[in-house]
Amino acid sequence: MGGTAHLTPRKRLKAVVWFLAGAAVLGALAYGGSFVLDRLTQPSRAEQDQRTQEDLDRAEAPFTAGVDYDDTPPGPWKVVLDRPLTAAEQRRIAAMRDPGAAREYLTSLGGRTLRFPAAFERRTDLAMTYYPRDATVLHVNLFSKRQTQLTITAMEAVNVSCRPPTARTVLVLPPQGGAAYDGVLFDLGKPGAVPIITDEGDDQGRPYFGPRKIDLGDGASPGGLRVEAVAKGESCTWEIKAKYRDAYQSFGSVILKDGTKPFFAEAAPDRPEQLWYWEASRPNGQQWVPCHRKPAESVCDEWRRLRAEARADQG
């Protein structure tokens, strides 16, 4: 404060006091103005933050799928192989008394296991429709990173492309009874097939979506479905179109695949070059019946009848 050098000490002190008081007033006014401005703009800033969060949330993929083919040993099964067995391999199969060991042996040669579809105990019409066919089982786990909830409201089979089976040898361990499973079944023989419920409850055989839905996002647990894809006489590649509704009342769909590949559902041929059918009650102890050599055996008639029913069914 060089401008106060000519003042008396008393007047110099008075000037300093006034200077400090003015600075304090200006500081208070600046703080108060900033506080008022902050309060006035707070609602718009909160709205902008919310819009930004919503934009980030919308930018996340609605959901993704993790897919695993079920390779656990089933009860009844069919094993298919893309070549006929050699004479030595046939003798080995014929001597086997454990069907599980036969399945493992054929698998070691490159065989693939197919399943019988789930039993529809409450819907005998569906049981007769699907029993002759071949089922491939997938476990589809659905995940969403979104902070808001979304709901899967529908699914259908899309991009279904089928071709004749490649297998030339088939081993069959037929069911001794049926079993229901919690999950859904897609009939790939139907255009735009929707999932139907295979659970043993009262809604067995009904479309899954409608009475049920799958909620994801907002911290919800991943959604999981056991999916049976049922093929009829042909092996098929296919995908799932899943429709959803999100918290912003937007509607959309996601195509689910096995990574970048379509799903695959294999079928056994109706007339394989070699057909082995298990009959536990045979008196001579040879349970594996070679139907390609003994077509008159009753179990071989059963296979032909079932496959004929599968071909004739247009459902």
Volume per residue that the Cα convex hull of segment 242-283 spans, once the total is divided by residue count, Å³: 188
Loop-only trypsin sites (Lys or Arg not before Pro) in segment 80-174, please: DSSP not H, G, I, E or B, and at most 12 other Cβ atoms within 10 Å. 97, 145
Residue 192: net charge of surrounding residues, Cβ under 10 Å, Lys/Arg +1, Asp/Glu -1, itself excluded? +1
Which of the trypsin sites (Lys or Arg not before Pro) found in segment 202-307 are loop residues per DSSP with 13 or fewer other Cβ atoms within 10 Å of their Cβ? 293
By its C-alpha gyration tensor, with a ≥ b ≥ c as the square roots of the eigenvalues, how is segment 67-226 shaped: rounded for a/c under 1.5, else prolate for a/b larger than b/c, else oblate? prolate
Log10 I(q)/I(0) at q = 0.12 Å⁻¹ for segment 162-315, from Debye over equal alpha-carbon scatterers, is -0.70
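Only the coordinates and a few stated rules stand behind these numbers; no lab work does. Please read these numbers as outputs of a predicted model, since none were measured by experiment. Ideal geometry is used to build each Cβ from the backbone, glycine not excepted, and the neighbour counts take in all protein chains shown.
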